[in-house]
């Protein structure tokens, strides 16, 4: 089983966009966002990634959020069209939302509408009203977490996507979703499966603790992992490769972040990329990164520098 992980695509299109769409939608911030991201985030990188994924024939693709910039309908439609070119189809591709996909409140239902096929539970894993949070003053979206079983892989997708105040980009799971995640990780139907938890915001390390950009209930999530465990936690949000861990009942649970799948600037370590995890024998046996070459319009193995070759981990 080969699981490909990408994130933070920020697929930008001006096609069909109208200035009225930005009225009352943090328009000053929106102009900043559009001007900066249009220089550094490249749609053609995702086009090349799709071709690479299709050619490699991976078994499942996971995107951990931020498929859009401003959560406008036109952006979601544009992004959906790009994802539809993946040969695996919705059953073989899982997409969870990021904070940019809830840049405005309308983004939450728009993601649910436009990416429903990529973010649904397998039959028999749906939640009911009895699983809703009790006594919480926050909205509890019973779509999350989602569960998708693919061979040895049990992929559990969460949502930390919420509209936040200006100049913030934090996330929150919420009491209901955390309780349901705990229930899932204890579910005997997942025994023997490789349980991979997908989340947009980093759930471990200093970046998880940031009040501006972090995961507000990272402590509650850490408590669930400490009790119930997991095999791997994958996230995006920080636009860089990251390695952390959370304590599990039998040892550390790896927490891995991936850089943006469409970013190109002057830092090689942040060049557009995605990672492939190999799963076999009930465990994650290896992983490797594929990096974008803009001149070749192709993804390939990450170059190994002399320093890296002498300091492997």
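The values are calculated or read from the model by the stated rules, or taken from the named source; none is laboratory data. It should be emphasised that the depicted structure is a prediction, and the values quoted were computed from it without experimental measurement. Using ideal geometry, Cβ is built from the backbone for each residue, glycine included, and neighbour counts are taken over all protein chains shown.
Here are a few things to note about the model shown:
- All positions within the stretch 268-286 that are more than 18 Å from residue 198 (Cα to Cα) and touching a helix residue (DSSP H, G or I) at 6+ places or on another chain (Cβ under 7 Å): 272
- Scope the stretch 115-133; condition in a loop (DSSP other than H, G, I, E, B), more than 14 Å from residue 184 (Cβ to Cβ) and free of Cβ contacts under 8 Å to residues at least 12 places away in the same chain; matching residues: 123
- Options 205, 171, 192: the member that is surrounded by fewer than 24 Cβ atoms within 10 Å (Cβ to Cβ) and either touching a strand residue (DSSP E or B) at 6+ places or on another chain (Cβ under 6 Å) or under 19 Å from residue 102 (Cβ atoms) (or both): 205
- Checked against (1) over 23 Å from residue 241 (Cα atoms); (2) at pLDDT 95 or above, residue 156 passes all but condition (1).
- Residue tally, condition surrounded by fewer than 22 Cβ atoms within 10 Å (Cβ to Cβ) and either in contact with a helix residue (DSSP H, G or I) (Cβ under 7 Å, 6 or more places away or on another chain) or assigned to a loop (DSSP other than H, G, I, E, B) (or both), over the stretch 94-110: 5
- Restricting 226, 298 to those that are surrounded by fewer than 23 Cβ atoms within 10 Å (Cβ to Cβ), closer than 21 Å to residue 56 by Cβ and either free of Cβ contacts under 8 Å to residues at least 60 places away in the same chain or more than 18 Å from the chain's Cα centre (by Cα) (or both) reduces the list to 298.
- Filter pass, residue 216 being at pLDDT below 95 and within 19 Å of the chain's Cα centre (by Cα): no
- Against the criterion of being crowded, with 17+ Cβ neighbours inside 10 Å, farther than 23 Å from residue 217 by Cα and modelled with pLDDT of 95 or more, residue 58 qualifies.
- Tally of residues being at pLDDT 90 or above and crowded, with 16+ Cβ neighbours inside 10 Å across the stretch 13-50: 7
- Within the stretch 111-140, restricting attention to residues that are at pLDDT below 90 and surrounded by 17 or more Cβ atoms within 10 Å (Cβ to Cβ), the residue that is farthest from residue 73 (Cα to Cα) is 133.
- Looking across the stretch 136-158, the residues that are in a strand (DSSP E or B) and farther than 18 Å from residue 200 by Cα come down to 149, 150, 153.
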